[in-house]
Amino acid sequence: MFDHLTEPKSGPRIQTSPATVELFRTVDQELRQGIVSPEVFSDPELYALELDRIFARCWCFVAHESEIPMPGDYVLRYIGQDQFIVVRDEDCQVRVLFNNCTHRGSPVCRVEKGNSSHFRCPYHSWLFKNNGEWSGAPHRKKAYKKLDSAKWGLASAPHVDSVHGLIFASLDPEAPTLDEYLGGMRWYLDALLGLNEQGMRAIGEPHRWRVPANWKSGAENFMADAYHVPSLHRSAEEVGMFPGIEAGGAGPQASSRHVYFDEGHGMIINDGFLPPPWHRSGFPPEVADTFQLDRLSPDQRQFVENHSATTFLIFPNLGLVRVPASPHPDAPPTVFTYLRQWQPHGPSTIVNWNWTLGWNSASEQFNEDAYVAALSMHGPAGILEQDDTVVWGGAPVAGRSSFARKSGMRFNFQLGLDGMSDYAEDPEWRFPGRATTTALGEAPQRAFYRRWLREVSTPDSVGRTETEQ
């Protein structure tokens, strides 16, 4: 009797309202002028589309391999607002399993990390292997004589892959390979994380805390916003925690530049933080001597010997920071490497996740100092973090404002556009991506929002955007 109400088992489920389609057209037109509507940071319908068309389709970081080294090891992680079990099964294959039972939807795992060969639902005790397969239920021989167990396992991400220990998953069956998705950023990951065969590992547990902001503010900040560093983070230099902060920004003393891709990935490149005998990337000799640069291509080696990535973003929401900071008062600066993810939890809330990475080839003391330096700068109470999380909260507030909407308020992304500043594309850059002569611009942010618009306005994995129809 309800045949007229049936829907396909898969396919688009979220409809785009005419008002949102019109907003897409407006954003498309205004991005060409370097301006963005505050509505994109607060609109509930846009947020629902982001979950459906960005986080459920793009490759998203979920864990570091060092967090699940043994068969049965697992951690609970998120893609968008969906929770997954990232587990190494009995055959050592990494799986990303949707943490909801196929019987009534109850989570089958409620512990943040552990080791288990099976996951049992607390509701009716349906049992699943750690590869996701349905394994049994109470009174199985009487209750489920004809059950096709192959159809009732935990739903899993159709694509899982890793690069230099970073585990990514895509929920889109038609997604490109991870290497295709990363594009030129894979080249830089080799140069940043693949400096020796020992690799890196996550130190301790990831830190997590809520911030009243929109996830895009954090992503675009880490991608390329060097302009804010000397002003917003000035106090870090004043207390001796971040030496030479001006050089990491976009002012006249800075040696920074942008490298970015049309796919929405990008980074801030610096020409070196510290004087000899430190390595150009800021590592002391005892750490730099463990790097096996012959693993790299000639161009990658030249990049490593002459440049350092300060921050980077892999679209949509994975960031990396590699900068020096003093772990203790009067201690010499230590270069730390940490990962940052801005997990969306509504249009106006994010949950920050931090992983500090240590070199397996370095001493425990160096890794401990790097951990403390990272925590002091970008931990939940970090000096720089307190600055960032205060200012990011303004975007969704303006997006919800009746006055901002009625007055036609817009955000300015024109820095470096059409000769606005001393900022141009560097024709001599020989490495992947589009490089700029300085960091006094916002070309990467504009590329980020163009990628965001392409994804959020496209109902299917392949096809024209609604703004083009």
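The values are calculated or read from the model by the stated rules, or taken from the named source; none is laboratory data. Here the structure is a predicted model, which is why all the values come from computation and not from measurement. Here the Cβ is made from the backbone with ideal geometry for all residues, glycine too, and neighbour counts use every protein chain on show.
Brief remarks on what is shown
- Check on residue 191, in contact with a helix residue (DSSP H, G or I) (Cβ under 6 Å, 6 or more places away or on another chain) and either in the same structural domain as residue 338 (by TED's automatic domain parsing) or surrounded by fewer than 19 Cβ atoms within 10 Å (Cβ to Cβ) (or both): yes
- Residues in the range 202-217 that are more than 16 Å from residue 367 (Cβ to Cβ) and among the charged types (D, E, K, R) were compared, and the one that is surrounded by the most Cβ atoms within 10 Å (Cβ to Cβ) is 216.
- Segments classed as helices (runs of 4 or more DSSP H), wholly inside the range 341-438, with at least 2 members that are under 23 Å from residue 77 (Cβ atoms) and touching a residue at least 12 places away in the same chain (Cβ under 8 Å): 364-378, 383-392
- Checked against (1) more than 26 Å from residue 209 (Cα to Cα); (2) in contact with an Asp or Glu (Cβ under 8 Å, 6 or more places away or on another chain), residue 445 meets all criteria but (1).
- For the range 120-160, a residue qualifies if it is touching a residue at least 60 places away in the same chain (Cβ under 8 Å) and assigned to a strand (DSSP E or B), and the qualifying residues are 156, 159, 160.
- Among the residues making up the range 342-352, those that are touching a strand residue (DSSP E or B) at 6+ places or on another chain (Cβ under 9 Å) and either closer than 30 Å to residue 292 by Cα or buried (at least 20 other Cβ atoms within 10 Å of the Cβ) (or both) are 342, 343, 344, 350, 352.
- Among (1) at pLDDT below 95; (2) assigned to a loop (DSSP other than H, G, I, E, B); (3) surrounded by fewer than 19 Cβ atoms within 10 Å (Cβ to Cβ), the one test that residue 227 misses: (3)
- Cβ-Cβ contacts under 8 Å between residues 6 or more apart (or on different chains), taken from a first residue in the range 77-100 that is on the phi > 0 side of the Ramachandran plot to a second residue that is aromatic (Phe, Trp, Tyr) and modelled with pLDDT of 95 or more, are listed as 80/55.
- Residues satisfying the stated conditions in the range 55-66, i.e. surrounded by 21 or more Cβ atoms within 10 Å (Cβ to Cβ) and not in a loop (DSSP other than H, G, I, E, B): 55, 60, 61, 62, 63, 64
- Among the residues of the range 408-427, those that are modelled with pLDDT of 95 or more and farther than 20 Å from residue 262 by Cβ comprise 408, 409, 410, 411, 412.
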